[in-house]
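For reference, the structure discussed in these notes is given below.
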Amino acid sequence: MELRSEHASDRPAILELTGRAFATDDGANPPVEVGLLAELFECDGYLPGLSIVAADAGMVVGHSITTRGFIGDQPALGLGPISVLPERQRQGIGAALLEETRIRAEGMGESVIVLLGHTTYYPRFGYRPASELGIQAPDPQWGDYFMALPLGGREVPVGTFRYAEPFARL
């Protein structure tokens, strides 16, 4: 499996896999994450080096995107959505994408990554409730599902996190 930066030519495959990864039994088609991702590719917060694909034999099997956000007026990163083809889940692809994102973000001198996700999955990668670091969620109801990963021993800003603009339209 190869981890690399996303190319514009990957986007149809990325949007398809995201639709499959977030499909629900209620038949919402496409899932909201597909439209969000399409908007993130075009927004000011898009960071090309943090839109990462996992490819296997030339086929895109996973993708993660991390975009520019802010804590107060300090830059921070917001991860998501992260997607893996359903038939390729539980094979370490999501873990590899998270690790590659961390490595790249640290290399860019970033201080923190935040995400909204499962409290049983992300802590194994060092994420913890963002409130423990003084970071408030855009929606207080998110509670411990809003998590943060401090990077490289850098000082983490405190305050309310603001995602890239497309998240505000959800």
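Considering the stretch 140-170, the residues that are part of a strand (DSSP E or B) and either touching a residue at least 40 places away in the same chain (Cβ under 8 Å) or β-branched (Val, Ile, Thr) (or both) include one that is surrounded by the fewest Cβ atoms within 10 Å (Cβ to Cβ), namely Thr160. Scanning the stretch 24-34 for residues that are free of Cβ contacts under 8 Å to residues at least 40 places away in the same chain and surrounded by fewer than 18 Cβ atoms within 10 Å (Cβ to Cβ) turns up Thr24, Asp25, Asp26, Gly27, Ala28, Asn29, Pro30.
Scanning the stretch 5-20 for residues that are within 13 Å of Ile65 (Cβ to Cβ) and in a helix (DSSP H, G or I) turns up Asp10, Arg11, Ile14, Leu15, Leu17, Thr18. With respect to the conditions (1) farther than 23 Å from Ala137 by Cα; (2) in a loop (DSSP other than H, G, I, E, B), Asp44 lacks only one, and its number is (1). Quick one: in the stretch 37-80, which of the residues that are surrounded by fewer than 21 Cβ atoms within 10 Å (Cβ to Cβ) and either of a type in the set (D, E, K, R) or under 10 Å from the mean Cα position of the chain (by Cα) (or both) is farthest from Arg20 (Cα to Cα)? My answer is Asp73. Considering Leu37, Leu97, the condition of being part of a helix (DSSP H, G or I), more than 22 Å from Phe161 (Cα to Cα) and either in contact (Cβ under 8 Å) with a residue 12 or more places away in the chain or out of contact with any helix residue (DSSP H, G or I) (no Cβ under 6 Å at 6 or more places or on another chain) (or both) is satisfied by Leu97 alone.
Going by what's in this entry, would Phe125 be described as modelled with pLDDT of 95 or more and either surrounded by 14 or more Cβ atoms within 10 Å (Cβ to Cβ) or basic (Lys, Arg) (or both)? Considered against the rule, which asks whether it is modelled with pLDDT of 95 or more and either surrounded by 14 or more Cβ atoms within 10 Å (Cβ to Cβ) or basic (Lys, Arg) (or both), Phe125 comes out as yes. Among all positions in the stretch 110-117, there is no residue which is part of a helix (DSSP H, G or I) and either under 15 Å from the mean Cα position of the chain (by Cα) or on the phi < 0 side of the Ramachandran plot (or both). Within the stretch 6-20, being of a type outside the set (Asp, Glu) and under 14 Å from the mean Cα position of the chain (by Cα) holds for Ile14, Thr18. Among the residues examined, Pro150 does not qualify as closer than 26 Å to Gly19 by Cα and either within 16 Å of the chain's Cα centre (by Cα) or β-branched (Val, Ile, Thr) (or both).
Which of (1) over 16 Å from Ser5 (Cα atoms); (2) in contact (Cβ under 8 Å) with a residue 24 or more places away in the chain; (3) out of contact with any Ser or Thr (no Cβ under 8 Å at 6 or more places or on another chain) is the odd one out, the single condition Gly72 does not satisfy? For Gly72, the failing item is (3).
Within the stretch 89-99, the presence of at least one residue that is among the aliphatic types (A, V, I, L, M), within 30 Å of Gly159 (Cβ to Cβ), out of contact with any strand residue (DSSP E or B) (no Cβ under 6 Å at 6 or more places or on another chain) and at pLDDT 95 or above is confirmed. So which of Gly134, Gly107 is surrounded by fewer than 20 Cβ atoms within 10 Å (Cβ to Cβ) and on the phi > 0 side of the Ramachandran plot? Selected residue: Gly134, the only one of Gly134, Gly107 that is surrounded by fewer than 20 Cβ atoms within 10 Å (Cβ to Cβ) and on the phi > 0 side of the Ramachandran plot.
The values are calculated or read from the model by the stated rules, or taken from the named source; none is laboratory data. The structure displayed is predicted, hence computed values, not measured ones. Heads up, the Cβs are rebuilt from the backbone with ideal geometry, glycines too, and the neighbour counts pull from every protein chain shown.
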